[in-house]
Amino acid sequence: PKPFAFTELVARIRALARRTQPALPPVLVHGDLRLDPARRAATRAGAQLPLSPKEFAVLELLLAARGAVVSAEELLERAWDEAAATNSPL
């Protein structure tokens, strides 16, 4: 109901939109293990690790958990595709 300047409204909407965009994924580090999700690269003691996409996804999930338990269901949901057999052992 209050009068407002249209340019101020646009500026506020843009500011809110910037806040909602996710930040670039950080480099995950544990000891000498480094995982860069943005570059899809993993290194250990400076040496590049040749990981498959599935291995990379599992490693990323475990490093992001920061020592917390990751259930088999969560691994299946986040690292495997829908076509994976859900009754297969991990």
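For the subset of region 6-36 comprising residues that are at pLDDT below 80 and assigned to a loop (DSSP other than H, G, I, E, B), which member is farthest from A47 (Cα to Cα)?
Among those residues, the one meeting the criterion is Q21.
Looking at region 47-64, which of the residues that are without any contact (Cβ under 8 Å) to a residue 12 or more places away in the chain and open to solvent by less than 70 Å² (accessible area, probe 1.4 Å) is farthest from L76 (Cα to Cα)?
A47
The values are calculated or read from the model by the stated rules, or taken from the named source; none is laboratory data. Everything quoted here is computed from the prediction, not taken from an experiment. Positions of Cβ are generated from backbone atoms using ideal geometry, with glycine treated the same way; all protein chains shown enter the neighbour counts. Note: accessible area is taken over every heavy atom of the protein model, side chains too, but ligands, DNA and RNA are not part of it. Shrake-Rupley method; radii C 1.70, N 1.55, O 1.52, S 1.80 Å.
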